[in-house]
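Worksheet: one structure, shown below.
Each value in this text was obtained by applying a stated rule to the coordinates, not by laboratory testing. The model shown is predicted, which means the values in this text are computed figures rather than measured ones. With ideal geometry, Cβ positions are generated from the backbone for all residues, glycine too; neighbour counts draw on all protein chains shown.
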């Protein structure tokens, strides 16, 4: 089971909360202080994307965030329940603001893949999942 | 933290000072501000990001949208930013090649290229 699990209504105002919680749990798990900004940004991007997918497809279910502390790594899974959430799918673009939304969605994934070395994006008929992992420093190695 | 916005005119440039967090929740306010400025005839914008604590791809999208709007009027959109964690986001998305990024408002206001 995840160390901390978070479910939030697919609304933009809750993405900040997800960022703050993820950064706090990552810090506790031993993720390097210098990397916490990246964790905060990456989880924000993943949650923003999930919120957009839920809103665009009228999904009422919450966005799921799992913060998982493992032996030598810390992982974050952000799951959405939007159907056919295929990354980079431009077929639904109907011009105007829709195009902007899609550009931003692509840019979100671009930021995540630029920031995080260990990232998996999977999508299916029942939704998608972004899994990101960072190495952690065991507490014994932190001693000066 | 919320987003703070203030504008002032320096010569023929309009400086937009942004503070706080630019994310999916607050970015629409920045978009509105930029659209309003362009609609009011301000086509040479300097966005001062020194007070920005957080920027994500939604914010980048708004800045790119602003650039498209001012360019339609042969205008310009320059950024002021010295913060490494913010600059990094522009670098990994390749947007350092799209936006002129300056180290001070004075430098951005004086730039003419």
Legend entry - Shielding by partners, peptide B:22-28 (average Cβ within 10 angstrom, other chains): 6
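Over the stretch B:1-107, what is the relative contact order in whole percent, taking alpha-carbon pairs under 8 Å and six or more residues apart?
Details: 172 pairs, mean separation 27.0, N = 107.
Reported as a whole number, the value is 25 percent.
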Legend entry - Shape box of the protein assembly as shown [Cα atoms, principal axes, largest first, Å]: 59, 52, 28
Inset, instruction - Between residue B:36 and residue A:61, take the C-beta separation as r, use R0 = 41 Å, and let me know the FRET efficiency to the nearest 0.05. - result: 0.70
Legend entry - Number of partner chain Cβ atoms within 10 Å, mean per residue of B:59-72: 2
Inset, instruction - For a footprinting-style exposure proxy, rank B:9, B:14 by other Cβ within 10 Å, fewest first. - result: B:9, B:14
Legend entry - Point-to-point label distance, residue A:20-residue A:3, nm (Cα→Cβ direction, 7 Å offset): 1.9
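What ranking of A:80, B:48, A:117 emerges when the number of other C-beta atoms within 10 Å of each C-beta is taken as an exposure proxy, fewest first?
Numbers: A:80 27, B:48 21, A:117 10.
Neighbour counts put them in this order, fewest first: A:117, B:48, A:80.
In nm, what is the difference between 0.36 nm times the number of residues separating residue B:106 and residue B:84 and their Cα-Cα distance?
Numbers: separation 22, 0.36 × 22 = 7.92 nm, distance 1.98 nm.
5.9 nm is the gain from fully extending residue B:106 to residue B:84.
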Legend entry - Rounded Å value of the spacing that divides the Cα centres of the stretch A:1-58 and the stretch B:44-113: 26
